[in-house]
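The values are calculated or read from the model by the stated rules, or taken from the named source; none is laboratory data. Since we're looking at a predicted model, the values are computed, not measured. We place every Cβ from the backbone using ideal geometry, glycine too, and count neighbours over all the protein chains shown.
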């Protein structure tokens, strides 16, 4: 790649001084017609762009309307509500930058649907994508292909580590699973059984969380055979039946790790079996339902995360990248890991994010 053209390069090619080039650039007098023509030819030949023109080009680019796309999973409840809050906040701040945000939400956990929606967003002419979807090789391949086309992608909440996405926005998911294991180890004995439930292991975030939990429990010398793993697909009735069946099947069940939604279903199953206070629960996130369960003793600990930021940050980063501004370093935008229990809940029930 050649060097960036300078005013000295123009002057040398035209056989004049830098002052003469400056006079031509600023359309000043005292330059003969033939000299002016030589300078203009040299400017064209070198591709020189003056600082004033460069600034104007940047200003023009910053005013050019662009579209950014968001792909969401088929999740509802707290995740959808708070992520949408972050998206709306970003939309409000990006309005003056002539940025339009287009969202698509999956209805299923099928990889082809996610790929089709990515193609829809591409057809809409998006300049960048914020994506939360299941971890599937075909989706990772499509995201990488979009990157090759010049459409950058930032993942949030659940990653696509095998793709050429720019960065991930969210917690260090594996570490949150390890933290959950540390908490659970304080509540159970090595001869006890633990039920670990996840929403869907096809999502990288769910798998990483569970893997972090199992790895740390193993490090703490807890028998791996004493951890029962079930997928709930974030469904209330499914979660309820899974916990009920585990309590019946394992009389020495003493812990439930809820790495998914519908913690209230888990609490209801434990309460109906008369095991409240005997079966300990560690979960993730914070809302009014989980706050109530903490206060009444149905949940021992929860590890909150900031869904609103996960909806907001990718769009602001993509704006900076597309507009050629100076974004934050493109690494993993992880947030701090906190632990809440009944004793340290804020009075208003809201966790400071």
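In segment 30-48, the residue that is surrounded by the fewest Cβ atoms within 10 Å (Cβ to Cβ) out of those that are part of a loop (DSSP other than H, G, I, E, B) and touching a helix residue (DSSP H, G or I) at 6+ places or on another chain (Cβ under 8 Å) is 30.
Within segment 212-232, at least one residue is surrounded by fewer than 16 Cβ atoms within 10 Å (Cβ to Cβ), touching a strand residue (DSSP E or B) at 6+ places or on another chain (Cβ under 8 Å) and more than 17 Å from residue 71 (Cβ to Cβ).
Comparison of 231, 224 shows that the only residue that is over 23 Å from residue 338 (Cα atoms), under 32 Å from the mean Cα position of the chain (by Cα) and without any contact (Cβ under 8 Å) to a residue 12 or more places away in the chain is 224.
Only strands (runs of 3 or more DSSP E) whose full extent lies in segment 118-199 are considered here, and the ones with at least 2 residues that are at pLDDT 95 or above and crowded, with 17+ Cβ neighbours inside 10 Å are 128-131, 153-156, 193-198.
Could you please let me know if residue 143 is in contact (Cβ under 8 Å) with a residue 24 or more places away in the chain and outside the structural domain of residue 298 (by TED's automatic domain parsing)?
Values: in contact (Cβ under 8 Å) with a residue 24 or more places away in the chain: yes; outside the structural domain of residue 298 (by TED's automatic domain parsing): yes.
Judged against the criteria, residue 143 is a match.
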